[in-house]
Amino acid sequence: MKKTKSEIIKHLQQEVYCKLGISKIAGIGVFALRAIPKGIDPLKSWLPTKELEIPLKELNKLPASVRKQVHSFCYVDNQDKYVSIPMYGMNAMNMAVYLNHSKQPNLRFKKNGTLVSLKSIRAGEELFIDYDESFGDTHIFK
């Protein structure tokens, strides 16, 4: 989907809020470039959010290094029967895969798969979701 120059400028002015950085919590994290108001999706993207469920037995035919990448960045169901792969593939990444876990999250997923900020977030602050709430996991850490 080709965008016009004015659409790109509007996107940069009104929708770009985040960057990747080194997290004190775990590896890479997502951080606010500027203040994020409560109630918006700070990772709004033009990438499709729909995912395809691929049976793990089909993924087992892939090279080991590719399987490792898929398991690192994609949702694997609790029974290890399938993995959800973004419809845009694996060569373009959604920053949401770098959101770290917190029991005091400042973002949450809505039912339609988009994110929403739960409070105002200051520039420089790391963004978090609750993995337990988002993915049905159980984490003993904060």
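Give just the number: which of (1) under 20 Å from S23 (Cβ atoms); (2) in the same structural domain as Y17 (by TED's automatic domain parsing); (3) modelled with pLDDT under 85 does S102 not satisfy?
(3)
Filter the range 31-74 for residues that are acidic (D, E) and surrounded by 12 or more Cβ atoms within 10 Å (Cβ to Cβ); which is nearest to M87 (Cα to Cα)?
E51
Quickly run through the range 4-20 and pick out the residues that are loosely packed, with under 14 Cβ neighbours inside 10 Å and within 16 Å of the chain's Cα centre (by Cα).
Passing the criteria: V16, K19, L20.
If P86 passes every condition in (1) in the same structural domain as G29 (by TED's automatic domain parsing); (2) closer than 28 Å to K24 by Cα but one, which one does it miss?
(1)
The values are calculated or read from the model by the stated rules, or taken from the named source; none is laboratory data. On a predicted model such as this, the values are computed, not experimentally measured, just so you know. With ideal geometry, Cβ positions are generated from the backbone for all residues, glycine too; neighbour counts draw on all protein chains shown.
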